[in-house]
Structure formats: structure tokens, C-alpha cells
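The values are calculated or read from the model by the stated rules, or taken from the named source; none is laboratory data. Computed from a predicted model, the values in this text were never measured in an experiment. No Cβ is skipped: glycine too gets one built from the backbone with ideal geometry, and neighbour counts run over all protein chains shown. For the accessible areas, the whole protein counts, side chains as well, though only heavy atoms, and no ligand, DNA or RNA atoms are used. Shrake-Rupley method; radii C 1.70, N 1.55, O 1.52, S 1.80 Å.
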Amino acid sequence: MEDLLKTKTIREVLLHLNDEEVLARDHQIYLKMCKIGHGEEYLGINWLKGWYERNLIIFANLSRIVTSKQDRVLVIYGSGHIPLLHQFTRDSGEFEIESLKSYLM
């Protein structure tokens, strides 16, 4: 991140961090955590349960404040949250997601 900030504009950094390939690669790190542990000790999964719960709470709170299809909400979270929040909002059928790129291009 430090190198990105030294060589890129804020706009370029935001576009990079929100790139679908970068998001997918970074999300894979969380899924690889499932392997951490031994035998019946699922240390990685136990940690991931908290991560998924945190993102489900964010989604629940977002769902509570959006009461109509006409509501527009800007959601700003770290890039690690994006894959799960996109999945939850898309799968719920209650949201239309707009790409950050459309605002930064």
C-alpha cells in the first residue's frame, strides 16, 4: 500500500483496490485460512466465522436503513469487506450495486 501511495494518485489507488481481480485475489487469502488448524481444531474457520459475522452485521445494518428502491447509499469499507458485501447485497435481490469505477473514470 505504501508503494502504491508513493507512485499513484488517490484515484488510481482506489481503482486498483477495487479492481475485480485484486479483490478476488485478496479474498482468496481469507478462504485459504480455512486450512489453518489440525485435526478437529479449525483455528482458521473459527476466526473466519467472526469475519463473516462482522460482514453480515454490516449487511443487516445496511438493509435496515435502505427502505425503498429509490434510496441511494454510499458504503465505504475496506477492500477486504467488498467481496462479501457484494455477495450479500447481490444475492439478497434488494440492492442495485453501482461500480466505483463509474464515478472515478
| note | Scalar couplings 3J(HN,Hα) for the stretch 65-75 by Karplus 6.51 cos²θ - 1.76 cosθ + 1.60 (θ = phi - 60°), nearest whole Hz, x for Gly and Pro, are 8, 8, 10, 8, 5, 7, 5, 10, 9, 9, 10
| field | Phi to ³J(HN,Hα) by Karplus 6.51 cos²θ - 1.76 cosθ + 1.60 over the stretch 8-25, Hz, x for Gly, Pro | value | 10, 6, 4, 4, 5, 5, 4, 5, 4, 5, 9, 5, 4, 5, 5, 4, 5, 4
| Which label marks the calculated value of semi-axes √(5λ) of the Cα gyration tensor in Å, given the options (i) 23, 15, 11; (ii) 26, 23, 10; (iii) 18, 17, 12? | (ii)
| remark: Karplus-derived 3J(HN,Hα) from phi for the stretch 79-93 (6.51 cos²θ - 1.76 cosθ + 1.60, θ = phi - 60°), whole Hz, x at Gly and Pro, runs 4, x, 7, 4, x, 6, 5, 5, 4, 5, 5, 5, 5, 5, x
| Quick one: accessible area per residue over the chain, 1.4 Å probe, rounded to a whole number of Å²? | 78 Å²
| query | Taking a 32 Å limit on the Cα-Cα distance, which of the listed pairs Lys6/Lys32; Lys32/Lys101; Lys8/Lys49 fall beyond it? | reply | Lys8/Lys49
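So, with a 1.4 angstrom probe, what is the percent of accessible area on the stretch 4-58 that is carbon and sulfur? Numbers along the way, then the final one.
Working: 2540 of 4260 Å².
It is 60 percent, rounded to a whole number.
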| field | Cβ-based net charge around Leu100, under 12 Å, with every Lys or Arg adding one and every Asp or Glu removing one | value | -1
| Normalised by the residues of the chain, what does the relative contact order come to in percent, with Cα pairs under 8 Å and at least six apart? | 27 percent
| field | Cα centre as origin, Lys/Arg/Asp/Glu Cβ charges: the chain dipole, Debye | value | 160 debye
| said: Taking 0.36 nm per residue of sequence separation and subtracting the Cα-Cα distance, how much length would be gained by fully extending the chain between Leu74 and Ala60, in nm to one decimal? | reply: 3.5 nm
| request: State the extension gain, in nm to one decimal, for the chain segment bounded by Lys49 and Ile29, taking 0.36 nm per residue of separation less the distance between their alpha-carbons. | output: 5.7 nm
